[in-house]
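To keep things clear, I will list the structure first and then write my remarks on it.
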Amino acid sequence: MTLWVVKLGTSLLRGDTAATIEGYASGVAAAMRRGDQVVLVTSGAVGLGCQKLQLPKRPDTVVALQAAAATGQGYLMALYERAMAVHGLSVAQVLLTRSDLVDRRRYQNASGTLQQLLAWGVLPVINENDALSSAELRFGDNDTLSALVATAVGAHQLLLLTDIDRLYSSDPRRDVNAQPITDVHHPRDLKQFEAGAGDGGRWGTGGMTTKLAAARIATASGVTVHLADGRDPARLAGLLEGDRGGTVFHPHPEPLGNRRSWLAHVLVPEGELCLDQGACQALLHRGASLLLVGVTAVKGEFEANRPVLLRDPDGQELGRGLCSLNSSQVRQALAVTDAKASPVVVHRDALVLQDR
């Protein structure tokens, strides 16, 4: 049994959306009949809302975007429900915002709900809650959301279906010398491709940059990621049978566990701790916890047990974790130079390093 997360972008749901979704549904249903489990992350609510409202272009304001999403989301789900019902399968709508995942308990609840739906043989259809989420609580794109969902449910494979056949060294629509990339074997290799990533176009919010970010998140958690051309809905059936995508991002050789992945990719840091070189070496090479004696400065205001960035002496991000003290306590303690009484500021079990 393979657990798949499939992400469909807005660009794939233009034109005859009903027929397109029916094509994808056929491939998903075949996989589920074989005993595989599938989670679908779909864009399209804003685009369908714009179509129904006959808007000449995608709205520019948050309120208008939310209104368009509210108009289109119900229609989008009706199309998925109708398409899967033909195959005797049920769907469940799941709308998420970042606030649903930043709290550890709510993250576990969301994961448990999805696992139960899969156990029941139901297809979870997930979208960001565009109609209500405020800017600071948004993922901003469903590529990132799909990677976080893949991590939360322990997926084996993540399929990012888009309107381009694979990753290239630069944007092939602008550079005739762009070279195709068939395999990426380590998340660190993704960095060299980001400069050539394109934007998402007029109707989409996610471009190649967000797909690379999604690949980094998912592969760091042990998920194989396929970037594939999804313009022909029939292509999905082959991918779910084991065909490879145009570019395959291979999982990290030492995957993060569920909790560390949550720390690394879901939480939004609320402050920063600047570290001396000795602390950096202890974290990188000895698997130590961060002690107060290794902190040189604190930035921002945060409560205890909230996420913070850890920066090395050059200002580069070393990692992130949950700080056991609030920002005021850290500042007060920094005035005391008693290394023997140095408390643990970030425990190693609540810490994840940027470059493992």
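Structure values in brief
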| read-out | value |
| --- | --- |
| Assigned charges on the beta-carbon of Lys, Arg, Asp, Glu; the stretch 8-109 dipole about Cα centre (debye) | 180 |
| Under-5 Å amide H pairs with Arg306, H placed in peptide plane, nonlocal only | Cys323 |
| Share of carbon and sulfur in the accessible heavy-atom surface of the chain [1.4 Å probe, %] | 49 |
| Alpha-carbon gyration tensor eigenvalues x 5, square-rooted, for the stretch 41-117, Å | 26, 21, 6 |
| Antiparallel bridge percentage (DSSP; both residues within the chain; nearest 5) | 40 |
| Translational diffusion of the chain, µm² s⁻¹ [Kirkwood Rh, Cα pairs; Stokes-Einstein; 10 °C; 1.306 mPa s] | 74 |
| GNM result for the chain, Cα springs below 10 Å: residue of Thr210, Thr61, Thr17 fluctuating most strongly | Thr61 |
| Dipole-positive endmost among Leu53, Leu95, Leu145 within the chain (Cβ charges, Cα centre) | Leu95 |
| Translational diffusion of the stretch 180-331, µm² s⁻¹ [Kirkwood Rh, Cα pairs; Stokes-Einstein; 37 °C; 0.692 mPa s] | 183 |
| Sequence-separation-based contact order of the chain, relative, with Cα cut under 8 Å and 6+ spacing, percent | 15 |
| For Ala92, distant residues with modelled amide H under 5 Å away | Leu123, Val125 |
| Point-to-point label distance, Ala335-His285, nm (Cα→Cβ direction, 7 Å offset) | 3.5 |
| Cα point-scatterer Debye curve for the stretch 248-334, base-10 log of I(q)/I(0) at q = 0.11, 0.23 Å⁻¹ | -0.32, -1.19 |
| Estimated distance in nm for a label pair at Ala304 and Glu270, the labels positioned 7 Å out from Cα along Cα-to-Cβ | 1.3 |
| Which listed pairs, of Lys52/Lys211; Lys211/Lys299; Lys7/Lys191, have C-alpha distances above 26 Å, in listed order | Lys52/Lys211; Lys211/Lys299 |
| Per-pair calculated FRET efficiency, R0 = 25 Å: Ala78 and Arg104 via Cβ, rounded to 0.05 | 0.15 |
| For the stretch 247-261, 3J(HN,Hα) per residue [Karplus equation, 6.51 cos²θ - 1.76 cosθ + 1.60, θ = phi - 60°, Hz, x = Gly/Pro] | 10, 10, 9, 7, x, 4, x, 10, x, 5, x, 4, 5, 5, 5 |
| Leu291 long-range amide H proximity, modeled H, under 5 Å | Val345 |
| Estimated [θ] at 222 nm from DSSP helical runs (n ≥ 4, -39500 (n - 2.57)) normalised by residues in the chain, nearest 500 | -11000 deg cm²/dmol |
| Whole-Hz ³J(HN,Hα) from phi, Karplus 6.51 cos²θ - 1.76 cosθ + 1.60, for the stretch 14-22, glycine and proline x | 7, x, 7, 4, 4, 5, 5, 5, 4 |
| Solvent-accessible surface ranking, highest first, for Val336, Val330 at 1.4 angstrom | Val336, Val330 |
| Residue-by-residue Karplus 3J(HN,Hα) for the stretch 291-308, coefficients 6.51, -1.76, 1.60, Hz, glycine and proline x | 9, 4, 4, x, 8, 9, 6, 10, 10, x, 10, 8, 8, 5, 6, 10, x, 9 |
| The chain - accessible surface per residue (Å², probe 1.4 Å) | 45 |
| Size of electric dipole in the chain: Cβ of Lys, Arg +1 and of Asp, Glu -1, about Cα centre, debye, nearest 20 | 380 |
| For the chain, with +1 on Lys and Arg beta carbons and -1 on Asp and Glu, the positive-most of Leu309, Asn129, Leu167 along the dipole | Asn129 |
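The values are calculated or read from the model by the stated rules, or taken from the named source; none is laboratory data. Keep in mind that what you see is a predicted model, and the values were worked out from it rather than measured. Using ideal geometry, Cβ is built from the backbone for each residue, glycine included, and neighbour counts are taken over all protein chains shown. Accessible surface areas use protein heavy atoms only, side chains included; no ligands, DNA or RNA. Shrake-Rupley method; radii C 1.70, N 1.55, O 1.52, S 1.80 Å.
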